[in-house]
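Undergrad: The structure follows.
The values are calculated or read from the model by the stated rules, or taken from the named source; none is laboratory data. In this text, all values refer to a predicted model and were calculated from it rather than measured experimentally. Using ideal geometry, Cβ is built from the backbone for each residue, glycine included, and neighbour counts are taken over all protein chains shown.
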Amino acid sequence: MIGAKIGQTIDDGDRGCMGHALELAGERKTVVWTNKMTGVTYRMTPTRNFKQGNEACREFTTAVSAGKKRDSVKGVACRSGEGEWVFKL
């Protein structure tokens with residue numbers, strides 16, 4: 001999902017935090033967390049809600065930092081039939 005080596009550090013806990021941020025955060029409300037195992041800090045901001053067919057979707061930006069390394073990505077995720085967020089970058 002996120003480029004370079006930082007993207008390789010995303011684990012299931014981070015994916016869970018991303019899903020919670022998409023589910024619970026209001027538009028333009030940033031959710032910040034740090035993975036204590038990897039030391040990576042995430043700042044995820046849902047930026048726009050929309051529908052794609054019957055799916056609820058959200059655009060978002062995520063800034064990632066690990067030490068002096070920084071990366072960011074813009075993307076889209078849509079809620080699947082089971083309620084999980086599926087990333088569609």
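Undergrad: From the list Thr62, Thr47, which residue is more than 20 Å from Asp11 (Cα to Cα) and either modelled with pLDDT of 90 or more or surrounded by 14 or more Cβ atoms within 10 Å (Cβ to Cβ) (or both)? Spell out how you get there, then give the answer.
TA: Working: Thr62 fails: more than 20 Å from Asp11 (Cα to Cα).
Result: Thr47 is the single residue among Thr62, Thr47 that is more than 20 Å from Asp11 (Cα to Cα) and either modelled with pLDDT of 90 or more or surrounded by 14 or more Cβ atoms within 10 Å (Cβ to Cβ) (or both).
Undergrad: Does segment 7-18 contain at least one residue that is at pLDDT below 95, surrounded by 16 or more Cβ atoms within 10 Å (Cβ to Cβ) and under 16 Å from Cys57 (Cβ atoms)?
TA: yes
Undergrad: What are the pairs with Cβ atoms under 9 angstrom where one residue, in segment 26-40, is of a type outside the set (A, V, I, L, M, F, W, C) and the other, located anywhere, is assigned to a loop (DSSP other than H, G, I, E, B)? Sequence gap at least six, or different chains.
TA: Going by the 9 Å Cβ cut-off, the qualifying pairs are Thr34/Val40; Asn35/Ile10; Asn35/Asp11; Thr38/Ile10; Thr38/Asp11; Gly39/Gly67.
Undergrad: Picking from Thr30, Thr38, which residue would you name as being modelled with pLDDT of 90 or more and surrounded by 12 or more Cβ atoms within 10 Å (Cβ to Cβ)? I'd like the intermediate steps shown before the answer.
TA: Working: Thr38 fails: modelled with pLDDT of 90 or more.
Only one candidate qualifies: Thr30.
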